[in-house]
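Structure, as structure tokens:
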Amino acid sequence: MKRLIGHMMTLILTGLFLAGCSYDESVRELRTNSTDPSLAITFANGLIDKPITTRAVTLLSDHMNTMGVWGWQTTPQGTVERPFIDQKVTFNVPEAKWTYTPLKYWENNSTYWFSAYAPHQNSVPGVTASIDSITHAIRIDGVTLYGCNTITNGGATPPANFGTVDDVDWMIDRFGQNMIGLNRGQVTFNMQHILSKICVRIARSKSFLPDSIEHMVLDSIKITDFVCQGNFNQSIKNDSLSILAEWTPVDTLPRYTITSAKGVSIPDSALYVIESLMIPQPVNENQYINIWYKIGNEGGYIGHYYYVIKLSDVYSRFMAGRNYVLTLTLSPDVITFDSGVSDWEDNSAEGEAFGGYKPWN
């Protein structure tokens, strides 16, 4: 009797094993030949800086129309395959979804790991992107910025979208996404900014007597001497010192100057006049903030003013994924400024107040 039961159990297990093999073989065939969308690996609209860094929820498609995806698959037998090798995935605006070709398909009994960066390297000439097969650290070389400003007039808030300028807002999924083939869910990346951002806003000093001036206009703000190229090599350690060393500025190209919106009337409340991307880099002693503006009174007199501030008196360096907000309060005799740093999507940075800077004659 025991021998009969044992024989029956062997037949049952063998049948289950063969059924599993038959399933995986059929799915492998579907990976190549199927047009069934329910089995395809698809990508959702990734989130930027959520939930890791900032409070704002921003969709990847608001900033990018391409991303590069790497994917590893581990089969039930322990074999590791790579269905995605820097796959270009493009946002299809009419259909409002991310698409790629040829499609790849889930396997029920496999597990997956995905990573991504944006935009895809083919979208930006001169850039190369790669990933370490063992550590899964992403490397992006040849990132070049030109100091493009997204603000052409003063605004109560910065646009926070660099899709309309030449400079590219690079992002990565720092931790990657683990998925189970059985779930067949959409892959959703949590993208993080890896550049720095600087915002400058201006305000009129409250020390003016009522009706003492007729108008106050910003002519220009210039912030000088930024390194424009850098290489990014993701750290596999998630600590501040390791992340600080991810960027290597390449100081072989001419440096650039960031210039503000011009001819902006300065009200009592602060207006943003600069929002610009930067390669994360230390501040040197030769970098300055230059401010030109004029004040007119009811009698028709117009005074022209120029101030200069050492950038190192405001910030010592710029770090990846951080938003640096500088508020300049202007008056005829003294300029004060508040400097703050926050996470990328938070423009309410507050910091220490400085003052007493006189104009150069």
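Below, the figures for the structure above:
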item	result
First in region 149-166 and free of Cβ contacts under 8 Å to residues at least 12 places away in the same chain, second anywhere and part of a strand (DSSP E or B) and among the hydroxyl-bearing types (Ser, Thr, Tyr), Cβ under 7 Å, 6 or more apart	none
Extreme residue, farthest from residue 261 (Cα to Cα), among residues of region 139-173 that are over 13 Å from the mean Cα position of the chain (by Cα) and among the small types (Gly, Ala, Ser)	142
Long-range neighbours under 6 Å by Cβ, at least six apart or interchain, first residue in a helix (DSSP H, G or I) within region 31-45, second at pLDDT below 75 and surrounded by 15 or more Cβ atoms within 10 Å (Cβ to Cβ)	39/30
Members of region 108-126 that are under 18 Å from the mean Cα position of the chain (by Cα) and either outside the structural domain of residue 89 (by TED's automatic domain parsing) or surrounded by fewer than 20 Cβ atoms within 10 Å (Cβ to Cβ) (or both)	121, 122, 123, 124
Strands (runs of 3 or more DSSP E) contained entirely in region 134-227, each with at least 3 residues that are in contact with a helix residue (DSSP H, G or I) (Cβ under 9 Å, 6 or more places away or on another chain) and not small (Gly, Ala, Ser)	215-226
Members of region 263-287 found to be in contact with a Phe, Trp or Tyr (Cβ under 6 Å, 6 or more places away or on another chain) and outside any strand (DSSP E or B), listed by number	280, 283
Residues that are within 19 Å of residue 309 (Cα to Cα) and in contact with an Asp or Glu (Cβ under 8 Å, 6 or more places away or on another chain), drawn from region 263-290	276, 284, 286, 287, 288
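The values are calculated or read from the model by the stated rules, or taken from the named source; none is laboratory data. The structure displayed is predicted, hence computed values, not measured ones. We place every Cβ from the backbone using ideal geometry, glycine too, and count neighbours over all the protein chains shown.
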